[in-house]
Amino acid sequence: MEVWDPDGRFVEQVVAVSLSPAIGYAAFYAASREFPGRAITLRHKSAVLSRWSGQAH
């Protein structure tokens, strides 16, 4: 799972890597709460499985 820079131009950090889809989605959900104003992507290889836009609720 990747957290993007504040401008959404590049990946700033990889927060989690998992072989388990359930753990990947749990980490994605947690990251969306930890970094509420940042774009976050959950990938499997080159496919984007889920994307958080980084917009506040």
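Taking every Cα-Cα distance in the chain and sorting them into 10 Å bins starting at zero, the pair-distance distribution P(r) comes out as 26, 60, 14 percent. Since only 20, 30, 4 are under comparison, the one whose Cα sits farthest along the positive direction of the charge dipole of the chain, derived from C-beta charges on Lys, Arg, Asp and Glu, is 20.
In the neighborhood of residue 43, defined by Cβ-to-Cβ distances under 14 Å, what is the net charge if each Lys or Arg adds +1 and each Asp or Glu adds -1? Please list the in-between numbers first.
Numbers: positive: 45, 51; negative: 2.
Overall, the nearby charge balance is +1.
Descending by average beta-carbon neighbour count within 10 Å, the peptides 26-32, 47-53, 6-12 line up as 26-32, 47-53, 6-12, the highest first. Mind pulling the angle between the C-alpha long axis of helix 21-34 and the longest principal axis of the chain? Nearest 10 degrees, somewhere in 0 to 90. The angle comes out at about 20 degrees. Computed with a 1.4 Å probe over protein heavy atoms only, the accessible surface of the chain comes to 72 Å² per residue.
Surface composition of the chain: carbon plus sulfur atoms contribute 58% of the solvent-accessible area (1.4 Å probe, protein chains only, all chains present).
The dipole here belongs to the chain: it is taken about the Cα centre, uses +1 on the Cβ of Lys and Arg and -1 on the Cβ of Asp and Glu, and is about 180 debye.
The values are calculated or read from the model by the stated rules, or taken from the named source; none is laboratory data. The structure presented is a predicted model; accordingly, all values stated were derived computationally and were not measured. Quick reminder, even Gly has a Cβ in these numbers, built from the backbone with ideal geometry, and neighbours come from all protein chains shown. In case anyone asks, the SASA skips ligands and DNA or RNA and just uses the protein heavy atoms, side chains included. Shrake-Rupley method; radii C 1.70, N 1.55, O 1.52, S 1.80 Å.
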